[in-house]
Amino acid sequence: MSKKITFLILSGPTKEHIDPVRYISNESSGQMGSALAEAAVKKGYDVIFISGPAKVLPKYVKIIDVITALDMFKAAQLNFKKADIVINAAAVADYRPTKISKHKIKKNCTTSVMTIKLKQNPDIIKYCGENKHNQVVVGFALETKDLIKNALLKLKNKKLDLIVANGIGTFNSKNSTVSIITSNSILEIKNRSKNIIAEKIINETIRVFKNIKSCKVNS
Ligand code: C5P
């Protein structure tokens, strides 16, 4: 019996603590990642699901909980080789504080400006793109301007096979408008539920995966 196709899906925001009560994070409900996981399970595929602290989590899927981008990176590296298709729908924090204060930082009454030093986090999906072996690697691009141009740049720079471009209208919303982009195709889906969009994304990733497999067999 042939092995089931395995998806590795990353979802939700990451939280980067400044002190025990404050943190830097990104807007992300986890709806898109959850919809992707449920669509993949519904089609009979295996899913490994890594989630930051998100409001929405998928049903029927075992969840690997993480908090920070570094935690998510470690969990993704551990599971990367098991996956045929990797999708990063997580809103990973690009930066983390260089140090986390052990105690709550007190308000300083002598100065009205406070500076927090930040260090860049690893780019998880770029790591996957650069280290893939017959795997399909998929990212998301959320942009406030030049959506398609920036998404195409990310597709190339992160060595992705497919990128899903969306605007900020997608935040906390049940519906979204997206463009599913590969190096030679753009499929636009306007104002559809995230469940329908997730199904289309899963179908597209399977199409790309089967293409890679058949190229391998024929070469
Ligand atoms: O560069 P940008 O964050 O806009 O790229 C978006 C894509 O890259 C998303 O799929 C996101 O999950 C992924 N990403 C990542 N690691 C980061 C930042 C973004 O995997 N540190």
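Summary table
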item: So Ile181, is it touching a helix residue (DSSP H, G or I) at 6+ places or on another chain (Cβ under 6 Å), of a type in the set (A, V, I, L, M, F, W, C), open to solvent by less than 60 Å² (accessible area, probe 1.4 Å) and farther than 20 Å from Ser28 by Cβ; result: yes
item: Residues of the stretch 10-29 satisfying the condition of being at pLDDT 95 or above and either part of a helix (DSSP H, G or I) or small (Gly, Ala, Ser) (or both); result: Ser11, Gly12, Ser25
item: Where Thr115 falls short, out of the listed (1) polar (S, T, N, Q); (2) within 14 Å of the ligand (Cβ to nearest atom); (3) open to solvent by 20 Å² or more (accessible area, probe 1.4 Å); result: (2)
item: Subset of the stretch 143-156 (residues that are more than 16 Å from the chain's Cα centre (by Cα), surrounded by 16 or more Cβ atoms within 10 Å (Cβ to Cβ) and closer than 15 Å to Gly167 by Cβ); result: Leu147, Asn150
item: Per-region count, the stretch 105-126, residues touching a residue at least 40 places away in the same chain (Cβ under 8 Å) and more than 31 Å from the chain's Cα centre (by Cα); result: 1
item: Of all residues making up the stretch 58-97, the number that are within 16 Å of the ligand (Cβ to nearest atom) and either among the hydroxyl-bearing types (Ser, Thr, Tyr) or at pLDDT below 95 (or both); result: 2
item: Pro58 vs. criteria open to solvent by less than 30 Å² (accessible area, probe 1.4 Å) and either polar (S, T, N, Q) or part of a loop (DSSP other than H, G, I, E, B) (or both); result: yes
item: Test: residue in the stretch 127-150 that is closer than 29 Å to Leu78 by Cα, among the small types (Gly, Ala, Ser) and part of a helix (DSSP H, G or I); result: yes
item: Scan of the stretch 127-142 for residues that are within 12 Å of the ligand (Cβ to nearest atom) and over 13 Å from the mean Cα position of the chain (by Cα), ordered by number; result: Glu130
item: Subset tally (residues that are farther than 28 Å from Thr177 by Cβ and in a helix (DSSP H, G or I)) for the stretch 30-50; result: 0
item: Matching option when the condition is touching a Pro at 6+ places or on another chain (Cβ under 7 Å) and open to solvent by 50 Å² or more (accessible area, probe 1.4 Å), among Ile67, Ile100; result: Ile67
item: Selected residue (criterion: nearest to Val92 (Cα to Cα)) from residues of the stretch 31-46 that are surrounded by 22 or more Cβ atoms within 10 Å (Cβ to Cβ) and touching a strand residue (DSSP E or B) at 6+ places or on another chain (Cβ under 7 Å); result: Gly33
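The rows are residues; the columns are (1) crowded, with 18+ Cβ neighbours inside 10 Å; (2) away from the ligand (no atom under 11 Å from the Cβ); (3) more than 22 Å from Lys59 (Cβ to Cβ); (4) at pLDDT below 95.
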position: Lys158; (1), (2), (3), (4): yes, no, yes, no
position: Ile168; (1), (2), (3), (4): no, yes, yes, yes
position: Thr177; (1), (2), (3), (4): no, yes, yes, yes
position: Lys190; (1), (2), (3), (4): no, yes, yes, yes
position: Ile196; (1), (2), (3), (4): no, yes, no, no
position: Asn203; (1), (2), (3), (4): no, yes, no, no
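The values are calculated or read from the model by the stated rules, or taken from the named source; none is laboratory data. Treat the numbers as computed from the prediction; the structure is a model and nothing was measured. Quick reminder, even Gly has a Cβ in these numbers, built from the backbone with ideal geometry, and neighbours come from all protein chains shown. We work out accessible area using only protein heavy atoms, side chains counted, and drop any ligands, DNA or RNA first. Shrake-Rupley method; radii C 1.70, N 1.55, O 1.52, S 1.80 Å.
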